[in-house]
Amino acid sequence: MKFRSAAWFGLADRDGFIHRSWMKNRGLTDHLFDGRPVIGICNTWSELTPCNAHFRSIADHVKRGVYEAGGFPLEFPVMSLGETLMRPTTMLFRNLVSMDVEESIRANPIDGVVLLAGCDKTTPALLMGAASCDLPTIMVSGGPMLNGKFRGRDIGSGTDVWKFSEDVRSGALSECEFLEAEGGMNRSAGHCMTMGTASTMASVVEALGIGLPTNAAIPAVDSRRYTLSHMAGRRIVEMVQEDVRMSKILIREAFENAIRVVGAIGGSTNAVIHLLAIAGRIDVNLSLDDWDHLGRDVPCLVNLMPAGKYLMEDFYYAGGLPAVIRELGSMIHRDALTVNGRTIGENSSDAPCHNCDVIRPLGDPLKPDGGIAVLRGNLCPQGAIIKPSAATPELMKHRGRAVVCEDIEEFHTRIDDPELDVDETCVLVLKECGPRGCPGMPEVGNMPLPPKLLKKGIKDMVRISDARMSGTAYGTAVLHVAPEAAAGGALAFVQNGDMIELDVAARWLHLDVEESEIEQRRAEWRPPEPPSARGYYKLYYDHVLQADRGADLDFLVGASGASVPRESH
Ligand code: FES
């Protein structure tokens, strides 16, 4: 069987000389160019991405597996996205990385790919780029950190930061204690160990079948993470030989499985945007409404922060995602193919659960409603979402007076003001934080509450924005309002004092203002200035789709395949 890489390494002429000879500058032997599968290892390692800083070790283990199976591994870097450092938000660059991945794969002598991802956006970015090429592909996630520790108890990355921060603002925690917690929260290699976006997306990888079983939960420092990496290296060589391309795995049923799994794990709202974008690259027709109808009857089974109390390390020891998939029974398309050549049903049929408080049975779920609710109404004609399992039940049907901030700067300026005219029945509204608005749609949708309400013991309020929310966050936050304010959506026309109605059971979000008044405000509205006249910011601003379409760039939707480009010499 002749592979794609033969168009480079299989040539007997001057070009073949050039392609092979320069590769030999590191001591590679002739037999590596004998037509065996060339496996690209796409690495998001970076010291600026703490969650992915151990990826060189993972790549080494993948390489061992590739060599062992008779392949030729070649590791290559792509831009990395670290949640904790990048500004204004990694989401701005997700699509850019996807282009980097796509073009790096297509331009090089690669027959199959192992994608190494961990921190939130690295997972969707790599899947999107690789899907547009559609070669045989396996993703290996980097794994979560060990449980955080503070004064004898477990603490979760992200989730407890928000809690500690509010405790400092309300006076319940000293700054000295806050600093002590900082040292105990992230104490090993790996990504956030709550069921935040990284863990959710690692679970999505496993549920889609594009990662090996147990990929989601093995801690980054557990030796079994390296075993899994080794096995991924072995398997990708076979996948090239069997021509198992991404499009054979990422079919509609696989996406439906992933949506149901996100409900069962109490996963991040960010998965909504990312799955829509990935589906758009592999010609699967997935819509925002699929999230609602497929997730509606899925209970949250996994008792992990932010919805519950445990962490990813506990989840792995309890049985991990295979146990959840088995428990979901007929809610899962069990005959969907996965990268190990078996179906997802075969992979999970005997999966044991070792701790039924961490992974609850269907008959005794953590929360009855684990899915994502999709809202409609005059405030969000293209949709908005809320995660019921992270919200306060009493606020799921609510009518309140809008307290409006025109952008995130105004929010930061006003929220701590003791004179702010707000009480716990109000609805906090934040504009200009959508894909075009900020730009990049930052995770500011779980707006901190005003200190004067925190001091009264108020823990939650209805909040509405066109922003995203960290997967580690919680609260009654309506997110991803589409169209966003910066694109002239109705959110732009909300004013202080307007009444807003939320009814999650009815999937309804309504600005209770006369239509004629809304039209008057629309006529007076002027779009904000674009963030930049040049560079990637301009490309992004001009072409980004709204949240209900996955916030991909309009010209990136779809695939170009992996045909061999013309020779360079
Ligand atoms: Fe990287 Fe949370 S900061 S996964």
Would it be correct to say that S470 is open to solvent by less than 30 Å² (accessible area, probe 1.4 Å), within 16 Å of the ligand (Cβ to nearest atom) and not β-branched (V, I, T)? yes
Take residues that are within 15 Å of the ligand (Cβ to nearest atom) and tell me which of the strands (runs of 3 or more DSSP E) falling wholly in region 29-120 contain 2 or more. 112-117
Regarding region 429-444, can at least one residue be identified that is hydrophobic (A, V, I, L, M, F, W, C) and outside any loop (DSSP other than H, G, I, E, B)? yes
The lone condition P565 fails out of (1) more than 24 Å from H274 (Cα to Cα); (2) surrounded by 13 or more Cβ atoms within 10 Å (Cβ to Cβ) is (2)
For residues in region 453-467 being under 20 Å from M499 (Cα atoms) and assigned to a loop (DSSP other than H, G, I, E, B), which is most open to solvent (accessible area, probe 1.4 Å)? D460
List every residue pair whose Cβ atoms lie under 9 Å apart, where the two residues are 6 or more positions apart in sequence or sit on different chains, the first residue falls within region 154-176 and is within 13 Å of the ligand (Cβ to nearest atom) and of a type in the set (V, I, T), and the second residue, located anywhere, is in a helix (DSSP H, G or I) and open to solvent by 60 Å² or more (accessible area, probe 1.4 Å). V161/E182
Any idea how many residues of region 423-452 are open to solvent by 10 Å² or more (accessible area, probe 1.4 Å) and out of contact with any Ser or Thr (no Cβ under 6 Å at 6 or more places or on another chain)? 12
Quick one: which residue in R507, R526 is open to solvent by less than 70 Å² (accessible area, probe 1.4 Å) and basic (K, R)? R507
Can you list the helices (runs of 4 or more DSSP H) lying wholly within region 227-325 that have 3 or more residues being open to solvent by 10 Å² or more (accessible area, probe 1.4 Å)? 252-265, 288-295, 312-318
Take the residues of region 328-375 that are among the basic types (K, R) and at pLDDT 95 or above: which is surrounded by the most Cβ atoms within 10 Å (Cβ to Cβ)? R360
Could you tell me whether region 108-130 includes any residue that is surrounded by fewer than 24 Cβ atoms within 10 Å (Cβ to Cβ) and at pLDDT 95 or above? yes
Output the number of residues of region 209-246 satisfying the condition of being aliphatic (A, V, I, L, M), more than 22 Å from V262 (Cβ to Cβ) and touching a strand residue (DSSP E or B) at 6+ places or on another chain (Cβ under 9 Å). 6
Pick from region 189-221, criterion over 16 Å from the mean Cα position of the chain (by Cα), away from the ligand (no atom under 13 Å from the Cβ) and under 22 Å from G82 (Cβ atoms), ranking: surrounded by the most Cβ atoms within 10 Å (Cβ to Cβ): I218
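The values are calculated or read from the model by the stated rules, or taken from the named source; none is laboratory data. Predicted, not measured: the structure shown is a model, and the values here were computed from it. Note that we place each Cβ from the backbone using ideal geometry, even for glycine, and neighbour counts take in every protein chain shown. Heavy atoms of the whole protein, side chains included, go into the accessibility calculation; ligands, DNA and RNA do not. Shrake-Rupley method; radii C 1.70, N 1.55, O 1.52, S 1.80 Å.
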